[in-house]
Amino acid sequence: MLQVIKSVLAAFLGVQSEKNRQQDFQSRSPWPFIVTGVVMTLVFVLVVASVARWAAS
Amino acid sequence: MHSLLPFGRWLLVLCVIFASQVQAAAINTSSGWNLPPGVTSISQEIFSLHMIIFWICVAIAVVVFGVMFWSLFAYRKSKGAKPANFHENTTVEVIWTAVPLLILIAMAIPATATLKKIYDTSDADIDILVTGYQWRWHYQYVEEDLSFFSNLGTPRSQILGEEDKGDFYLLEVDNPLVVPVGKKIRFLFTSNDVIHAWWVPDLAIKKDTIPGFINESWTIIDEPGTYRGQCAELCGRDHAYMPIEVRAVSQETYDEWLEEQRQMLAEDAAGSQREWTMDELMDRGKGVYNTYCAACHQADGSGMPPAFPALKNNPMMITEEGRDAHIDAVLYGRSGTSMPAYSGTLSVADIAAVITYERNAWGNDAGDRVQPSEISEMLSDD
Ligand SMILES: [Cu+2]
């Protein structure tokens, strides 16, 4: 699980080491990555929105 | 590596010379190369943001190109340098992604603080509704029940090159926007036809005026003076001929100006009742014609057929039978052509005068007068 979160964060930044990439592709199913990606994108949007709301108040 | 030292020193000298040149150009704002600092606290804040970000860009450029040129020089092939052959370096990649991110966030913080001020239109002393028209501005002082059009003030002879161009060529108007200094003025922007943009660089205001929408902005001008601007959204043929002139004056001068405007309105209202002489109508009509009609129909009435018909010897304008159609065309426009309706734009006296002028100028000899009272009657019948 930690490995999946780390890989999604790396994808957000656009930087991933070759070692981790190899390890990710050992995984049997892509679904953990997809679900974690969607959830973390939602979290990111909410964080940005609340920062914007806080800055505007 | 012994050749590196003189080169590094040379590079440093070059950077210092470049930076001092750029700084001289940047500080000398009257050079015309830089953003003007403007005359309001907001415009000056925007100017310093612009300069901070400019210097950040300069610093980044010096570092990036410095490293690049130094690498090119110090590790050149003739010195036997061998290219490294590796695939990735996660640490370096994370650094060059995170550093720009941090720089952007650092720039966003002061920019957001200024943006918040720009959008704070609360507690205004004066509200002015600015409406874009093809091709003039209309200003309405909401609290004062005062409104007027602001037309291009440059004479056509200068535009046509028959006369030398003045100092404020295409940047002068007949009725400037007059505002008092030291007061918070809220502008409401909209448009009557297409999208225009009200742009006065010295006030750091550039707002689109959009039909059916209201945009907002505000200013407090501290220094009395005349601040000029232009329409900044391509809006048709005379886009370049609808300038903005803002005159910031003392409160006393502003009050006097308001009083004057009220008197003129009262005179206009009285004028629409009485009988006008031919000379009065012709005199006023000529002015109205040159402001509102001459751009298309030409000062000599020759028009630009087929788009803009000639008014000289136009059957509608030299016969008694054409009279009603003539008045109708000016009041309500002609659908399917670019002739607009003037019933909402011009006063009844202006409409009567310009129709009389068109019927009796350039050899047109209808010989009749159109009275302002006649126009008011027609309009109240609707
Ligand atoms: Cu315009």
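What the table shows:
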{"item": "222 nm mean residue ellipticity, helices alone, for chain A (DSSP H n ≥ 4; -39,500 (n - 2.57); rounded to 500)", "result": "-26000 deg cm²/dmol"}
{"item": "Taking chain B and dividing mean pair separation by its residue count, relative contact order in percent (alpha carbons under 8 Å, at least six apart)", "result": "12 percent"}
{"item": "Length released on extending from B:Ser157 to B:Ala98, taking residue separation times 0.36 nm less the Cα-Cα span", "result": "15.3 nm"}
{"item": "For B:Thr209, distant residues with modelled amide H under 5 Å away", "result": "B:His196, B:Ala197, B:Trp198"}
{"item": "Kyte-Doolittle mean at least 0.5 and Cα axial length at least 27 Å: DSSP H helices in chain B", "result": "B:4-27, B:41-74, B:90-118"}
{"item": "Sparsely packed trypsin sites (Lys or Arg not before Pro) within the range B:199-251, loop by DSSP, other Cβ within 10 Å at most 10", "result": "none"}
{"item": "With every protein chain in place, the protein assembly as shown: carbon and sulfur % of accessible area (1.4 Å)", "result": "62 percent"}
{"item": "Electrostatic dipole magnitude of the protein assembly as shown [Cβ: Lys, Arg +1; Asp, Glu -1; Cα centre; debye, to 20]", "result": "4300 debye"}
{"item": "Tilt relative to chain A, helix A:31-56 - C-alpha long axis, 0 to 90 degrees, to 10", "result": "20 degrees"}
{"item": "Placed amide H near B:Trp137: partners under 5 Å, 5+ positions off or other chain", "result": "B:Ser150"}
{"item": "Quarter of Cα convex hull surface for the protein assembly as shown, i.e. mean projection, nm²", "result": "34.4 nm²"}
{"item": "Within the range B:272-381: Cβ-based charge dipole about Cα centre, in debye rounded to nearest 20 (Lys, Arg +1; Asp, Glu -1)", "result": "380 debye"}
{"item": "For chain B, built as a Gaussian network whose Cα springs stay under 10 Å, the top-fluctuating residue of B:Val63, B:Val142, B:Val130", "result": "B:Val63"}
{"item": "For the range B:123-174 and chain A, distance of Cα centres in Å", "result": "55 Å"}
{"item": "Quotient of C-alpha Rg and 2.2 N^0.38 Å, computed over the range B:126-268", "result": "1.03"}
{"item": "Solvent accessible area, Å² - B:Ile52, 1.4 Å probe, full protein context", "result": "90 Å²"}
{"item": "DSSP-assigned coil residues among chymotrypsin sites (Phe, Trp or Tyr not before Pro) in chain A, each with at most 12 further Cβ atoms within 10 Å", "result": "A:Phe25"}
{"item": "For q = 0.07, 0.09, 0.11, 0.12 Å⁻¹, Debye-computed log10 I/I(0) when each Cα of chain B counts as one equal scatterer", "result": "-0.50, -0.70, -0.90, -1.02"}
{"item": "In chain A, the trypsin sites (Lys or Arg not before Pro) that fall in loop regions by DSSP, at most 12 other Cβ within 10 Å", "result": "A:Arg28"}
{"item": "The range B:126-268, relative contact order in percent, only Cα pairs under 8 angstrom and at least six apart counted", "result": "26 percent"}
{"item": "For the protein assembly as shown, share of DSSP beta bridges that run antiparallel, in % to the nearest 5", "result": "75 percent"}
{"item": "Helix-derived mean residue ellipticity, 222 nm - over chain B, DSSP H n ≥ 4, -39500 (n - 2.57), to 500", "result": "-14500 deg cm²/dmol"}
{"item": "Calculated log₁₀ intensity ratio I(q)/I(0) where the Debye formula runs over C-alpha points of the range A:2-56, q = 0.15, 0.19, 0.23, 0.25 Å⁻¹", "result": "-0.50, -0.69, -0.88, -0.98"}
{"item": "Residue with peak Gaussian network fluctuation, chain B [Cα springs, cutoff 10 Å], from B:Leu49, B:Leu258, B:Leu101", "result": "B:Leu101"}
{"item": "Longest site-free stretch - chain B; sites: GluC sites (Glu not before Pro), DSSP loop, at most 16 other Cβ within 10 Å", "result": "B:164-274"}
{"item": "Net lengthening on full extension, B:Ala240/B:Ser302 (0.36 nm per residue, minus Cα-Cα)", "result": "20.0 nm"}
{"item": "In nm, spacing of pseudo-spin labels at B:Ile214 and B:Thr121 (7 Å Cα→C-beta vector)", "result": "0.7 nm"}
{"item": "Relative contact order (%) - criterion: Cα under 8 Å, at least six apart; region: the range B:246-378", "result": "28 percent"}
{"item": "Long pairs among A:Lys6/B:Lys82; B:Lys165/B:Lys207; A:Lys19/B:Lys77; B:Lys183/B:Lys286; B:Lys206/B:Lys312; B:Lys207/B:Lys286, criterion Cα-Cα beyond 31 Å", "result": "A:Lys6/B:Lys82; A:Lys19/B:Lys77; B:Lys183/B:Lys286; B:Lys206/B:Lys312; B:Lys207/B:Lys286"}
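The values are calculated or read from the model by the stated rules, or taken from the named source; none is laboratory data. All figures in this text were calculated on a predicted structure; none of them were measured in a lab. Here Cβ is always computed from backbone atoms with ideal geometry, including for glycine, and neighbour counts include all displayed protein chains. Quick note on the areas: whole protein, heavy atoms, side chains included, nothing else; ligands and nucleic acids left out. Shrake-Rupley method; radii C 1.70, N 1.55, O 1.52, S 1.80 Å.
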